[in-house]
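J.: Before anything else, here's the structure in question.
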Amino acid sequence: MPSSISKATQRNIAENTPAPASRLAAYAEVVGAEVVDQLRMLARPLEGKKIVHVNSTRTGGGVAEILEQMIPVMGELGLEASWEVIEGNDDFFQATKGFHNGLQGNAVDVPKALLDAHYQVNKTNFARLADTLAEADYVIIHDPQPAPLLALMSEADGKSAKTNAKWIWRCHIDASRPHRPIWRYLRQYLEPYDASIFSLANFAQPLPHPQYLIPPSIDPLSPKNIDLPDDEVTKIRMCFGIDPQRPMILQVSRFDWFKDPVGVIEAYRLAKKHLPLQLVLAGGTASDDPEGAEVLAAVHNAADGDPDIHILSLPPDAHGTINALQRAADIVLQKSTKEGFGLTVTEAMWKGKPVIGGNTGGITLQIVDYHTGFLVDTPEGAAFRLRYLLTRPKLALEMGATARNFVREHFLITRHLRDYLTLMLGLRKGDSSRIEL
Ligand code: UDP
């Protein structure tokens, strides 16, 4: 049944976990002091450098999730990091949703009027951001929405602006087989960048500048991931009417076709023929995603009033609630058909949960089939793995423990920062073949 969480309850579920006084000292407890020492060493030559991140939404989705945590840590490392958000209108977000779908392989047609809106919105935002961008040492543009800012900068200031700052395009999307017309349109804006970053090798595209592979990460200390006392988890079950006696499976994601929430309902129904299951689909909509309402309606339709399917529309800052739901789940699903990375997979793995994920994109980087989770291609495959895990609780526990270690090793914010710092130093090293620290 559709549910929404009351404001009072949200406040009670650790939404406002205060950030520790020194995040770096706290990370050292999780990953070891030497990892943090290395970060400080890499950051020293970059002290005082201005890093400007630009994306198109302050809340909702993985990019906002990462920036929210990363900006203060960069600050603690002595960099002057800031985060700008470009403001769009309906036509702009229609266009950029088209880019998103097109980059992920859908044969979408984005009409010229919407392409013009995309450019015009960038132009308006450029007028507001020009000074900040001109003063930056590094500009990191996230995804296609703000991609034209560099062209606008060069247009406004000639070559000088570009040579002051290093401009990096950070692609969070599975761009392995983009729809060609969309790629051609975006490529004109991407070519002048100094570098681009992809999460997986096969997402990279022919571009006339160096390309780097940097997978995203989660912050173990954020309200989304911090350890929670058991009573918070019990509270969340009660709050949403989840029966503690029967297994609960969960998918957390924006209501987006690529996340395949309807496929999750199918998998649940197949597995439920054999096991007494409950399904929670927790999601919200990002402010830069105009398709959410349509997908949510399809999900309600597919759920067809089943009282064991809980469809939760959560506000974008319900981090503690999602944290508790992930901990309450017996198994987490992320049955995406395309996925740039899938922070929800990382979050669940960090909580020691076995994850059943779509065999696609960034999920394959995280789920090592049979070890840190299971990869599936169909609802039938997901149902089979649900039954497999729910009837083997010891194996599910072991898999969850392996998953948590895998995240500690590869997908925490400390590794992500190390990669960013190294990249920034690398772009500054000129002709030298090594980075001097
Ligand atoms: N998320 C959230 N509320 C929601 C849905 C998702 O806070 O209703 C968070 C989720 O926990 C994760 C991020 O948004 O941190 C989604 O990142 P992911 O890489 O999984 O997918 P994206 O939305 O970027 O495609």
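The values are calculated or read from the model by the stated rules, or taken from the named source; none is laboratory data. Everything numeric here is computed off the predicted structure, so don't read it as measured data. All Cβ positions, glycine included, derive from the backbone under ideal geometry; neighbour counts span all protein chains shown.
J.: Do the conditions hold for residue 357, that is, is it within 16 Å of the ligand (Cβ to nearest atom) and free of Cβ contacts under 8 Å to residues at least 40 places away in the same chain?
T.: For residue 357, the condition - within 16 Å of the ligand (Cβ to nearest atom) and free of Cβ contacts under 8 Å to residues at least 40 places away in the same chain - is met.
J.: For a quick check of your reading: which helices (runs of 4 or more DSSP H) sit entirely within the stretch 343-437 and have at least 1 residues that are β-branched (Val, Ile, Thr)?
T.: Details: elements: 343-350, 363-366, 379-390, 393-410, 413-428.
It comes to 343-350, 363-366, 393-410, 413-428.
J.: So, one more: Residue by residue through the stretch 172-186, note down the ones that are more than 16 Å from the ligand (Cβ to nearest atom), crowded, with 21+ Cβ neighbours inside 10 Å and assigned to a loop (DSSP other than H, G, I, E, B).
T.: Selection gives 178 alone.
J.: Taking the options 221, 207, name whichever one is outside any strand (DSSP E or B), within 19 Å of residue 141 (Cα to Cα) and among the hydrophobic types (A, V, I, L, M, F, W, C).
T.: Criteria check complete, one pass: 207.
J.: When you look at residue 298, is it surrounded by 18 or more Cβ atoms within 10 Å (Cβ to Cβ), away from the ligand (no atom under 14 Å from the Cβ), part of a helix (DSSP H, G or I) and at pLDDT 95 or above, yes or no?
T.: Values: surrounded by 18 or more Cβ atoms within 10 Å (Cβ to Cβ): no; away from the ligand (no atom under 14 Å from the Cβ): yes; part of a helix (DSSP H, G or I): yes; at pLDDT 95 or above: yes.
No, not satisfied.
J.: I want to confirm something. Restricting to the stretch 224-233 and keeping residues that are closer than 21 Å to residue 354 by Cβ and free of Cβ contacts under 8 Å to residues at least 12 places away in the same chain, which single residue is surrounded by the fewest Cβ atoms within 10 Å (Cβ to Cβ)?
T.: The residue in question is 230.
J.: Looking at 78, 60, 102, 48, which is the one that is buried (at least 23 other Cβ atoms within 10 Å of the Cβ) and small (Gly, Ala, Ser)?
T.: 102
J.: Quick one: is residue 260 of a type outside the set (Ser, Thr, Tyr), at positive phi and touching a residue at least 24 places away in the same chain (Cβ under 8 Å)?
T.: yes
J.: Something else: What's the number of the only condition in (1) surrounded by 23 or more Cβ atoms within 10 Å (Cβ to Cβ); (2) near the ligand (Cβ under 10 Å from one of its atoms); (3) not in a loop (DSSP other than H, G, I, E, B) that residue 312 fails to meet?
T.: (1)
J.: Only one of these conditions is not met by residue 234: (1) part of a helix (DSSP H, G or I); (2) under 20 Å from residue 334 (Cβ atoms). Which number is it?
T.: Every listed condition holds for residue 234 apart from (2).
J.: Would you check which residues across the stretch 240-255 are of a type in the set (D, E, K, R) and surrounded by 12 or more Cβ atoms within 10 Å (Cβ to Cβ) and list them?
T.: Of everything in the stretch 240-255, those that are of a type in the set (D, E, K, R) and surrounded by 12 or more Cβ atoms within 10 Å (Cβ to Cβ) turn out to be 246, 254.
J.: Just to verify a result, which residue in the stretch 62-91, among those that are part of a loop (DSSP other than H, G, I, E, B) and of a type outside the set (A, V, I, L, M, F, W, C), is nearest to the ligand (Cβ to nearest atom)?
T.: Checked the stretch 62-91; the qualifying residue nearest to the ligand (Cβ to nearest atom) is 88.
J.: Can you spot a residue in the stretch 240-262 that is assigned to a loop (DSSP other than H, G, I, E, B), over 30 Å from residue 381 (Cα atoms) and within 16 Å of the ligand (Cβ to nearest atom)?
T.: So far as the stretch 240-262 goes, no, none of its residues is assigned to a loop (DSSP other than H, G, I, E, B), over 30 Å from residue 381 (Cα atoms) and within 16 Å of the ligand (Cβ to nearest atom).
J.: Among 390, 365, 417, which is in contact with an Asp or Glu (Cβ under 8 Å, 6 or more places away or on another chain) and crowded, with 18+ Cβ neighbours inside 10 Å?
T.: 390
J.: Please verify whether the stretch 63-79 includes one or more residues that are in contact (Cβ under 8 Å) with a residue 60 or more places away in the chain, charged (D, E, K, R) and closer than 24 Å to residue 415 by Cβ.
T.: Looking through the stretch 63-79, at least one residue is in contact (Cβ under 8 Å) with a residue 60 or more places away in the chain, charged (D, E, K, R) and closer than 24 Å to residue 415 by Cβ.
J.: Hey, can you tell me all the residues within the stretch 131-154 that are of a type in the set (A, V, I, L, M, F, W, C) and part of a loop (DSSP other than H, G, I, E, B)? Walk me through how you get there before you give the answer.
T.: Here is the first cut: in the stretch 131-154, the residues of a type in the set (A, V, I, L, M, F, W, C) are 133-134, 136, 139-141, 147, 149-153.
136, 147 - these are the residues of the stretch 131-154 that are of a type in the set (A, V, I, L, M, F, W, C) and part of a loop (DSSP other than H, G, I, E, B).
J.: Let me ask something additional. Give just the number: which of (1) in a loop (DSSP other than H, G, I, E, B); (2) farther than 19 Å from residue 150 by Cβ; (3) aromatic (Phe, Trp, Tyr) does residue 268 not satisfy?
T.: Looking at each condition in turn, residue 268 falls short on (1).
J.: Report whether or not residue 334 is modelled with pLDDT of 95 or more, within 11 Å of the ligand (Cβ to nearest atom) and under 17 Å from residue 369 (Cα atoms).
T.: On the way: modelled with pLDDT of 95 or more: yes; within 11 Å of the ligand (Cβ to nearest atom): yes; under 17 Å from residue 369 (Cα atoms): yes.
Here the answer is yes, as residue 334 does meet what is asked.
So that you can scan it fast, the table gives a plain yes or no per residue for (1) touching a strand residue (DSSP E or B) at 6+ places or on another chain (Cβ under 6 Å); (2) modelled with pLDDT under 95:
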residue: 24; (1), (2): no, no
residue: 33; (1), (2): no, no
residue: 40; (1), (2): no, no
residue: 43; (1), (2): no, no
residue: 47; (1), (2): no, no
residue: 62; (1), (2): no, yes
residue: 67; (1), (2): yes, no
